[in-house]
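Remarks on the structure that follows.
What follows draws every value from the coordinates through simple rules; no lab data is involved. Just so you know, these numbers come straight off a predicted model, no measurement behind them. Neighbour counts are summed over all protein chains in view; Cβ atoms, including those assigned to glycine, are modelled from backbone coordinates with ideal geometry.
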Amino acid sequence: MAEKIIIGSDHGGYKLKNEIIKHLQSEYEVEDLGCYSEESCDYPMIAKAVSQKVIGSNCKGILVCGTGIGMSISANRFKGIRASHCTDTFSARMTRLHNDSNILCLGERITGIGLALDIVDIWLSTPFEGERHKRRVDMIDGKV
Ligand code: RB5
């Protein structure tokens, strides 16, 4: 069965989100929690919907807004979410290896489509390293 990815954007990330969905849909099941047009909407509401679904399902999530910053600030308010705002592939790899990132945040007005899709591919295919990093990740949620 294909791995499921939960995705969402506001109007500022709508076009890039659709490119990401097109890019992923042959290999992954992609659930799109909105928005569904370029009409102005509120990124915290989309971040909340995706974060809650990621927490409840253990799936990974992707959030896109104009900068990626509003989405990452909003998503990181939810316990269990480790949302990473990435603008380069090194950060995308490291945040999976060391932080067990479970939501990737991208900015349509910052990162071009080619680089954004590379970031998505690297983030999705890089495993968490565990070991000493597991203890540190557990500290984030107050488990240690
Ligand atoms: C919307 O104009 C913009 O503020 C939003 O997409 C995002 O960049 C917020 O951080």
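Annotations for the structure displayed:
- Mean Cβ count within 10 Å, highest first, over the residues of peptides 83-93, 4-14: 4-14, 83-93
- Rounded Å value of the spacing that divides the Cα centres of segment 12-58 and segment 90-114: 15 Å
- Placing unit charges on the Cβ atoms only, positive for Lys and Arg and negative for Asp and Glu, gives the chain a dipole magnitude near 620 debye about its Cα centre.
- Cross-link reach list, aspartates and glutamates versus K143, counting only Cα pairs under 17 Å and skipping chain neighbours closer than eight places: D100, E131
- Cβ-defined net charge surrounding G13, 15 Å radius [Lys, Arg +1; Asp, Glu -1]: -3
- Reachable lysines, given that their alpha-carbon falls under 20 Å from the alpha-carbon of K17 and they are not under 8 places away in the same chain: K4, K48, K53, K60
- Taking every DSSP beta bridge that has both ends in the chain, the antiparallel portion is near 0%.
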